[in-house]
Amino acid sequence: MTNAPAATTAIIAARLNDELTALHAFVVLLESEQQFLLNNDTDSLLSIAETKSQAASQLAEMAAARRKVMLANNSDSMEAWLAKHAPASLPAWQNIRQLANKAQQINTINGELIQSGLRHNQQAISALQSASQNAAGLYGPDGQPNLASSGRILGSV
């Protein structure tokens, strides 16, 4: 280690470990969300939404705090700073980057599953609306069937 105070490297190491733990929990949460989406378990999706939002906010705050420490230490690259001042923390940083990529991939898939579900629901709504419009003319005001005629007489060619 060179030039960085021991307290700074200890703070960075602790924050990276905290961020790694939080990110791992977030990935598990995204994987649970994916299973709920695949199983069409909307009740569980609703219950997990607030937890997911809070976890995402916490991760954003952790990343912002990490960037602030890096800027205070005149470093643009976390990896370069760690390699120079705290090489023992490099594996944690690499794990964070891998988990962040995994979280992004899972979140993209979850978004596609949500879009697919929305399209399916919209098609079902359209079919129901169409059926209700067609069914509206089945009975006349006197309660008797009022079947729309196609202009052909039954039995004719």
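Any read-out appearing in this document is the output of simple, stated calculations on the displayed coordinates, not a laboratory observation. Since the model is a prediction, treat every value here as computed from it, not as a measurement. Here the Cβ positions follow ideal geometry from the backbone for every residue, glycine too, while neighbour counts run over all protein chains shown.
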Practice task
Would you be so kind as to identify which of A86, L16, S47 lies farthest towards the positive end of the dipole of region 16-104, taking Lys and Arg as +1 and Asp and Glu as -1 on Cβ and the Cα centre as origin?
Solution key: A86
Handout entry: Reachable aspartates and glutamates from K68, criterion Cα separation under 14 angstrom, eight or more residues apart if same chain
Key = D76
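I need the calculated FRET efficiency for the pair Q58 and A13, taking r as the beta carbon distance and R₀ as 25 Å, to the nearest 0.05.
0.85
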Completion exercise
Once phi for every residue in region 15-24 is put through the Karplus expression 6.51 cos²θ - 1.76 cosθ + 1.60 (θ = phi - 60°), the whole-Hz ³J(HN,Hα) values, with Gly and Pro written as x, are 5, 5, 5, 5, 5, 4, 4, 5, 5, 4
